[in-house]
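Read through the structure below, which is laid out as structure tokens, and then see the notes.
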Amino acid sequence: MDSALPLSARHEQVLQATIRHYIATAEPVGSRALAQEYNLKVSPATVRNAMGLLEKYGLLYQPHTSSGRVPSDFGYRLYVDRLMSPSTRVKRQVDAALTEEIDWMGHSLESLLRSATQILAQISGYLALVTVPQASTALIRHIQLVAVESGQVLMVVLLDSLATQSVVVQLPPMLGSESPAVDEALGRRQLEILSNFLTHHLRRRPLSDVTTLNWGDLGEEFEHYGALLCQALEDLALRSQTAGTPYLVVSGLAEVLRQPEFSDAQRIQAIVRLLEEDQSQLWPLLIAAPSVPRPATSGIDVKVWIGAENPLEPMQGCALVVSNYTRRNVSVGSVGVLGPTRMVYENAVAVVKSAADYLSMALSE
């Protein structure tokens with residue numbers, strides 16, 4: 001059924017009121033309660049007729065013949081697509097919390113993402129999910145060569161994701177050494193020159209770009225290091241590409257357990273199993289989020305999976321709101337919240353959008 005149904009303003013108003021009532025109470029609602037509580041300025045009979053049409057369109061349904069109506073997955077879909085706007089209040093709250101409580105300097109990316117995920121879970125009241133970028137998508141920030149033993153050098157590569165990659169390289173004897181003291185001093189100087197050369201030419205480039213280096217720029221004195229260092233960097237690049245599926249940082253299980261939809265032990269166990277043991281199944285849902293750069297005045301640039309739209313059975317009673325975060329306009333990860341279909345979508349979309357924008361800005365600085 002198409003979400004572009006020709007609904008009148010009154011039908012949209014009744015649908016919106018029904019959804020907001022059900023989100024707030026988790027109880028079916030009748031026409032009289034809607035007319036009284038939401039100041040619809042029409043009679044209960046008019047509201048009842050509107051609800052009947054919305055039910056005919058599949059936007060509402062009756063759980064029991066004697067009960068009021070509740071939104072269907074399709075009703076939520078139309079509401080998200082046409083009737084709601086992200087909460088500016090919640091966006092300001094998330095922006096303030098991320099800015100005030102997280103210090104990006106001097107910490108690993110993973111620890112920072114964990115802090116961000118905890119904040120999102122606390123503010124949204126749902127499970128917060130953030131994917132950790134793979135090393136293969138990161139760019140080089142600095143390369144340092146450190147002598148560890150005679151003839152052995154540790155190459156440490158700091159990535160702009162704040163992660164590090166390292167490998168031990170067996171180098172040939174230093175040239176021009178006449179004594180151990182001279183050899184040690186000359187070694188330090190040569191390693192510093194090599195570190196500066198690698199950093200200068202590879203800064204803000206992926207590891208795979210090592211093959212484009214012109215080692216002739218270093219002169220004959222360092223030519224015999226080129227092949228070894230190049231091979232070491234290629235090994236690091238290959239390792240990052242074959243490191244396997246990225247993984248999720250998850251927070252907020254205690255928050256989502258407060259929702260009545262998750263009082264069923266079997267349902268929550270299936271979701272926990274998915275998050276802990278089968279994260280790879282979530283990847284098609286997470287990477288399906290929009291990956292285009294978000295302009296400063298962008299609208300709702302998130303992906304919302306509602307109920308049966310989720311291909312994974314444990315999540316078919318849930319809603320998943322996801323957006324990608326970027327580094328210099330290239331998508332490197334996703335941030336999302338998972339909760340019941342009876343979700344406060346205005347808040348969930350605002351939380352996810354604000355977090356994705358913040359992570360994009362922080363990683364691009």
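Numerical summary
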read-out: Of all residues in the range 149-191 being assigned to a strand (DSSP E or B) and more than 30 Å from Y325 (Cβ to Cβ), the one that is modelled with the lowest pLDDT; value: E149
read-out: Qualifying residue in the range 32-41 (condition: assigned to a helix (DSSP H, G or I), among the polar types (S, T, N, Q) and without any contact (Cβ under 8 Å) to a residue 24 or more places away in the chain); value: yes
read-out: Residue list for the range 345-359, restricted to those being closer than 15 Å to R327 by Cα and crowded, with 24+ Cβ neighbours inside 10 Å; value: A355, A356, L359
read-out: Residue in the range 225-232 that is in a helix (DSSP H, G or I), buried (at least 16 other Cβ atoms within 10 Å of the Cβ), hydroxyl-bearing (S, T, Y) and modelled with pLDDT of 70 or more present; value: yes
read-out: Residue in the range 1-51 that is surrounded by the fewest Cβ atoms within 10 Å (Cβ to Cβ), counting only those that are of a type in the set (D, E, K, R) and within 22 Å of Q259 (Cα to Cα); value: E27
read-out: D235 being closer than 30 Å to S280 by Cα and modelled with pLDDT of 75 or more; value: yes
read-out: Some residue of the range 133-148 being within 30 Å of M315 (Cβ to Cβ) and modelled with pLDDT of 75 or more; value: yes
read-out: Restricting the range 240-277 to residues that are assigned to a loop (DSSP other than H, G, I, E, B) and among the aliphatic types (A, V, I, L, M), the residue that is modelled with the highest pLDDT; value: L257
read-out: Residue in the range 35-57 that is out of contact with any Lys or Arg (no Cβ under 7 Å at 6 or more places or on another chain), over 30 Å from A116 (Cα atoms) and among the aromatic types (F, W, Y) present; value: yes
read-out: Single residue of D73, D81, D2 found to be acidic (D, E) and at pLDDT 95 or above; value: D73
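Rundown of residues vs (1) in a helix (DSSP H, G or I); (2) closer than 30 Å to A355 by Cα; (3) not assigned by TED's automatic domain parsing to the domain that holds V302, yes/no style:
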site: A45; (1), (2), (3): yes, no, yes
site: R48; (1), (2), (3): yes, no, yes
site: M51; (1), (2), (3): yes, no, yes
site: E55; (1), (2), (3): yes, no, yes
site: S67; (1), (2), (3): no, no, yes
site: V70; (1), (2), (3): no, no, yes
site: L78; (1), (2), (3): yes, yes, yes
site: R92; (1), (2), (3): yes, yes, no
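The values are calculated or read from the model by the stated rules, or taken from the named source; none is laboratory data. Everything numeric in this text was worked out from a predicted model, so none of it was measured. Cβ coordinates were reconstructed from backbone atoms using ideal geometry, including for glycine residues, and neighbour counts include every protein chain displayed.
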